[in-house]
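Trainee: Encoded as structure tokens, here's the structure I'll be asking about.
The values are calculated or read from the model by the stated rules, or taken from the named source; none is laboratory data. This is a predicted model, so every value here is computed, not measured. Because the Cβ atoms are built from the backbone with ideal geometry, glycine has one as well, and the counts that use them run over all protein chains shown.
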Amino acid sequence: EAQVTQNPRYLITVTGKKLTVTCSQNMNHEYMSWYRQDPGLGLRQIYYSMNVEVTDKGDVPEGYKVSRKEKRNFPLILESPSPNQTSLYFCASGRDLDEKLFFGSGTQLSVL
Amino acid sequence: GENVEQHPSTLSVQEGDSAVIKCTYSDSASNYFPWYKQELGKGPQLIIDIRSNVGEKKDQRIAVTLNKTAKHFSLHITETQPEDSAVYFCAAAQGSFGNEKLTFGTGTRLTIIP
């Protein structure tokens, strides 16, 4: 089954404790992207990747890191999480950014 | 950069009536306009999309129209049903090499009243 898998689904952590949210796709897609969803603000892009070893900043990259060492995986890293990073996070993949995107089920992150 | 505005933020319609959601974009280089539906507790799913060389596209009860001159596009849902209740996002994208951009609107919460 074609899918984008995010883990974990829920995460509660404390300020400053490094964390990683994993994202994996099984469709051989070149384009992958991370979004955060906040009430009233819609989906805002954090980082995206057009291919392996190619990543670029989206609209709200501060406080986040990503890597794309292999095609299927695109982890999101928060080196020192802060409460303003409490949000619902989505990973997405597609053949290209102007093609259909497949979204993961989301990760609800709470930073205390 | 691209700015996508979406209206209204909430919309309630009687079952069987039509619903219209509107978006405007700022970058004339944008050439791909998808619409996503997000049900409670799930990730967004593509429901329809349109490219800049087309003015209208229809898929059963759903249609999208694009006015490139005015830089706006709209989602039309006819004969609404309870399962249409969800949050809908529009987006605008351009894939020019070195200037790739995909920007979402802020979403519309559609409620169908039985």
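Trainee: With B:Asp17, B:Asp84 as the choices, which residue is away from chain A (no Cβ under 14 Å), touching a residue at least 60 places away in the same chain (Cβ under 8 Å), surrounded by 16 or more Cβ atoms within 10 Å (Cβ to Cβ) and of a type outside the set (A, V, I, L, M, F, W, C)?
Mentor: From the options B:Asp17, B:Asp84, the qualifying one is B:Asp84.
Trainee: Considering segment A:32-56 alone, what residues qualify as being under 30 Å from B:Pro8 (Cα atoms) and within 12 Å of the chain's Cα centre (by Cα)?
Mentor: A:Met32, A:Ser33, A:Trp34, A:Tyr35, A:Arg36, A:Gln37, A:Leu43, A:Arg44, A:Gln45, A:Ile46, A:Tyr47, A:Tyr48
This table checks each residue for (1) touching a residue at least 60 places away in the same chain (Cβ under 8 Å); (2) within 14 Å of chain A (Cβ to nearest Cβ).
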{"site": "B:Ile50", "(1), (2)": "no, yes"}
{"site": "B:Ala63", "(1), (2)": "no, no"}
{"site": "B:Phe73", "(1), (2)": "no, no"}
{"site": "B:Ala91", "(1), (2)": "yes, yes"}
{"site": "B:Thr106", "(1), (2)": "yes, yes"}
{"site": "B:Ile113", "(1), (2)": "yes, no"}
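Trainee: Could you please let me know if B:Ser12 is more than 21 Å from B:Ala93 (Cα to Cα) and either outside any loop (DSSP other than H, G, I, E, B) or aromatic (Phe, Trp, Tyr) (or both)?
Mentor: When the stated conditions are applied, B:Ser12 passes them.
Trainee: Tell me, yes or no, whether segment B:52-61 has at least one residue that is more than 22 Å from A:Gly40 (Cα to Cα), part of a loop (DSSP other than H, G, I, E, B) and modelled with pLDDT of 95 or more.
Mentor: Looking through segment B:52-61, at least one residue is more than 22 Å from A:Gly40 (Cα to Cα), part of a loop (DSSP other than H, G, I, E, B) and modelled with pLDDT of 95 or more.
Trainee: Check every one of the strands (runs of 3 or more DSSP E) wholly within segment A:69-112 and list those with 2 or more residues that are within 14 Å of chain B (Cβ to nearest Cβ) and under 16 Å from A:Tyr47 (Cβ atoms).
Mentor: A:87-94
Trainee: Could you look through segment B:63-89, keep only residues that are part of a strand (DSSP E or B) and in contact with a Leu (Cβ under 7 Å, 6 or more places away or on another chain), and pick out the one that is farthest from B:Tyr25 (Cα to Cα)? Spell out the reasoning first.
Mentor: Here is the first cut: in segment B:63-89, the residues part of a strand (DSSP E or B) are B:63-67, B:72-77, B:86-89.
Among the residues that remain, those that are also in contact with a Leu (Cβ under 7 Å, 6 or more places away or on another chain) are: B:64, B:73, B:86, B:88-89.
On the way: B:Val64: 15, B:Phe73: 8, B:Ala86: 22, B:Tyr88: 16, B:Phe89: 13 Å.
In this case the residue turns out to be B:Ala86.
Trainee: Now, a different point. So in segment B:93-111, with the set limited to residues that are in a loop (DSSP other than H, G, I, E, B) and buried (at least 18 other Cβ atoms within 10 Å of the Cβ), which one is modelled with the lowest pLDDT?
Mentor: B:Gly95
Trainee: Right, next: Name the residues in segment A:30-45 that are surrounded by 21 or more Cβ atoms within 10 Å (Cβ to Cβ) and either closer than 11 Å to A:Phe74 by Cβ or more than 8 Å from every other protein chain (Cβ to nearest Cβ) (or both), would you?
Mentor: Matches in segment A:30-45: A:Tyr31, A:Met32, A:Ser33, A:Trp34, A:Arg36, A:Gln37.
Trainee: Just the residues that are buried (at least 17 other Cβ atoms within 10 Å of the Cβ) and part of a loop (DSSP other than H, G, I, E, B), please, taken from segment A:46-60.
Mentor: Listed by number, the residues that qualify are A:Gly58, A:Val60.
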